[in-house]
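> Submitted below is the structure of interest, expressed as structure tokens.
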Amino acid sequence: MSRPDTYPQTMQPIQITTFQALRRSLGLIIKAAPIELRNLIILNIIRGAAPSGVLFLNKLIIDEVSRLLSRAQTAQPLTLMLDHPILLWSVAGVLSLKLVGDSIETMSSFTVTSLRDRLQGAVEGKVLEKVANFDDIALFENPELLNIVELAKTGVSKIQQLAFSISMTITGIFIFIPSVSLAAAIAWWVPLLMLISSIPSIYIERKYTKIIWRVQKKQAKISREMNLSARVLMGEEYAKELRLFGLQELWLKRWQSQFVQFFSEMQQIRKKGAIVVLFWSIFSRIGVALPFVYVVMGALGGRYTLGDLALYSGLIVQVENSLELLINSYTNLYDISLSVSPIFQLLELKPELQSPLIDVTSRLPNLPDSSQDVEVRKDKIGIEIKDLSFCYPGSTKNTVTDIDLTINPGEMLVVVGENGAGKTTLGKLLGRLYDPTSGTIAWNGQDLRSYSLAYVRSRIAVVMQDYARFPSTVRENIGFGDLLSLSDDTAINQAISEAGIAAKVNSLEKGLETPLGKQLEDGIDLSGGQWQRIAIARALMRLSTAEVLIFDEPTAALDPKTEHEIYSIFRQIAVGKTTIVISHRLGLAKIADRIAVMENGKIAEIGTHNELIAANGIYCSMFTRQASSYI
């Protein structure tokens, strides 16, 4: 299968408008908590209509009481109320609506909390699933993409507020509609004037919310650096050296400086926005003042009863409150829509690593299962690298350049070089954690990109220099290398034995079930060398199915004696496997089939140990320098 030699790196986040973010957020709510959303709408319809009902009933009560008092009634108050159904039922109605309102307040609060938790769980689950299953590790190494992840984390915490804002919006709408309908009975222009006078405030708040979001977006880098500084101050991995070197004050000042930088710019925008919003809020009060004066004058002129005065003045306040509630809810929804847009940018982000439409490990649909193809390839994997160059996303300089290299089936190749020579990058490309910027890597003559990612990674056993220390049991830390063998004590114990850590595991009270990591209850920690043996044992679990072994600095944390033991293990397990060992320590190079020396991202020398020593070049100089350290 022919493939182009150059693959452009185009992994860019899509642009999400606030409307799209809000629409998709509402879609998430409907999907995550449809019952809670339905109940919330029903409760808020009742909750919103109740205040207008109370105002209208209060008008009837005031008018009826005024009428009865004007007649100089002498009967007992209770008798008067019982003898006049309008008064009696109006009082009963007010009390009932108050009771219903209090009950709905409690039920609505419970519903909003439930909806919020379901929504957060659904969204956070989607974000975790996206990040965990994202094939391209550029997501963790590219500053621009890291900013998207950082903003998405903020968006997940912000989306909790969406349920409350939606609740307030629904309440505001159903307070506003009946209030405006009754307020129109005063004069047609009253609700219109109040609405028009509030428009400037809506516009200004929206404008400054957008400005604040732009500042937050620009400051994602500072926010991420603040979190990193906080992690240094609070993280276990930094605790000892932070104290031994007396670095607390330095890192505290660094965090404080970052916080001041983050806060000061935001505070200036907020202060300016508050002044402008305050001015237009004062203007909007004119829309309330004129109708209120109109109603008072109408009551003094005899056009309105005392009940009308109470009703209309209450309605004016209620329209004002509902408008304020709607404006605040709109502003909050707009703010939330801006904040959650990175979530959808992250969810829509496509990795540059793509599996082919037709995997070369599969036969055509009308042929038998592809397992026979896999058997044909087994133990025959040879690797051919041609014109290989790679530039990390966001960088302009190649890390590896124009590499040509052939690794024969079953051969052990040790790649050596100084730090920064490009060795680890080459290992990432061979494991298809990245695709080349240009050139090809082929297995048995097939471009590595012609295989599915799942197939490639299932056929590789790897130990990276920054191996994972999973906060889980010994069994899981090793069994994760082959999930199908997670319960296979024999396979796990064999891997432990071959990695040379059986004595330590056997000494543990809970054995394979011992939690590793002091963050866990009853968890223990291991030394750096012991953790590295765990990582090696994890790779050994995949040995039966692996066709390529990649070890990146596999003995970096081991002492010379243990290092020699691990070398012997590697030589035994590498028999019949195509093996690439990346190291700046040259002890294993002596027993390798061949050695490739990297310098400045290129293959500078290649040959056996004896050949390279005889050439008296870079390798000879490195070996002589390292050997002198042991004399």
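> Where in segment 457-525 are there GluC sites (Glu not before Pro) that are in a DSSP coil and have at most 11 other Cβ atoms within 10 angstrom of their Cβ?
Numbers: sites: Glu476, Glu498, Glu509, Glu513, Glu521; in loops: Glu509, Glu521.
When the GluC sites (Glu not before Pro) of segment 457-525 are filtered for loop state and at most 11 Cβ neighbours within 10 Å, Glu509, Glu521 remain.
> What pairs in Lys31/Lys126; Lys350/Lys423; Lys504/Lys577; Lys240/Lys518; Lys126/Lys350 have C-alpha atoms more than 18 Å from each other? Intermediate values should be presented prior to the final figure.
Details: Lys31/Lys126 13 Å; Lys350/Lys423 27 Å; Lys504/Lys577 29 Å; Lys240/Lys518 14 Å; Lys126/Lys350 15 Å.
Violating the 18 Å Cα-Cα cut-off are Lys350/Lys423; Lys504/Lys577.
> Another one. At most 11 other Cβ atoms within 10 Å and a DSSP loop assignment: could you name the chymotrypsin sites (Phe, Trp or Tyr not before Pro) in segment 106-207 that fit?
Numbers: sites: Phe110, Phe134, Phe140, Phe164, Phe174, Phe176, Trp188, Trp189, Tyr203; in loops: Phe134, Trp188.
The qualifying sites are Trp188.
> Give the relative contact order (percent, whole number) for segment 487-631; include only Cα pairs under 8 Å separated by 6+ residues. Kindly include the intermediate steps, with their values, before the conclusion.
On the way: 126 pairs, mean separation 22.7, N = 145.
Averaging sequence separation for qualifying contacts and normalising by length gives 16 percent for segment 487-631.
> If you wrap a convex hull around the C-alpha atoms of segment 290-351 and split its volume per residue, what is the figure in Å³? Before the final figure, lay out the partial values.
Values: hull volume 4.5 nm³, N = 62.
Roughly 73 Å³ of hull volume per residue.
> To continue, here is another question. Taking the Cβ of Lys423 as the center, what net charge do the other residues with Cβ under 14 Å away carry, scoring Lys and Arg +1 and Asp and Glu -1? Mind showing how you got there, number by number?
Numbers: positive: Lys428, Arg585, Lys602; negative: Glu418, Asp466, Asp552, Glu553, Glu599, Glu605.
After counting each charged neighbour, the total is -3.
> How big is segment 76-145 by Rg and Dmax over its Cα atoms, in Å?
My reading of the Cα-based Rg and Dmax gives 27.7, 84 Å.
> Find out how many positive minus negative residues lie around Ile343, taking Lys and Arg as positive, Asp and Glu as negative, among other residues whose Cβ is under 10 Å from that of Ile343. It would help to have the intermediate numbers written out before the result.
On the way: positive: Arg24, Lys126, Lys130, Lys153, Lys158; negative: Glu124, Glu348.
My count for the surroundings of Ile343 gives +3.
> Could you tell me the relative contact order of segment 114-195? Use alpha-carbon pairs under 8 Å, at least six residues apart, and round to a whole percent. The partial results should precede the final answer.
Details: 25 pairs, mean separation 28.4, N = 82.
In percent, rounded to a whole number, it is 35.
> I need to check one value: relative contact order of segment 374-524, counting alpha carbon pairs closer than 8 Å and at least 6 residues apart, in percent.
Numbers: 180 pairs, mean separation 27.8, N = 151.
Averaging sequence separation for qualifying contacts and normalising by length gives 18 percent for segment 374-524.
> Additional query: Students often check this: by mean Cβ neighbours within 10 Å, which of 401-413, 92-104, 148-160, 231-243 ranks highest, and how do the rest follow? Walk me through the numbers before you get to the answer.
On the way: 401-413: 17.8, 92-104: 14.3, 148-160: 19.9, 231-243: 12.6.
Most protected by this proxy first, the peptides run 148-160, 401-413, 92-104, 231-243.
> Using the Cα centre as the reference, give the magnitude of the dipole from point charges on the C-beta atoms of segment 395-518 (Lys, Arg: +1; Asp, Glu: -1; all else neutral), rounded to the nearest 20 debye.
On the way: 12 positive and 14 negative charges, 67 e Å.
The dipole of segment 395-518 has a size of about 320 debye.
> What does the charge count near Gly481 come to, summing +1 for each Lys or Arg and -1 for each Asp or Glu among other residues with Cβ under 9 Å from its Cβ?
On the way: positive: Arg538, Arg542; negative: Asp482.
Once positives and negatives cancel, what remains is +1.
Every number here is computed from the coordinates shown, using simple stated rules; none is lab data. Remember, it's a predicted structure, so these values are computed and weren't measured experimentally. Neighbour counts are summed over all protein chains in view; Cβ atoms, including those assigned to glycine, are modelled from backbone coordinates with ideal geometry.
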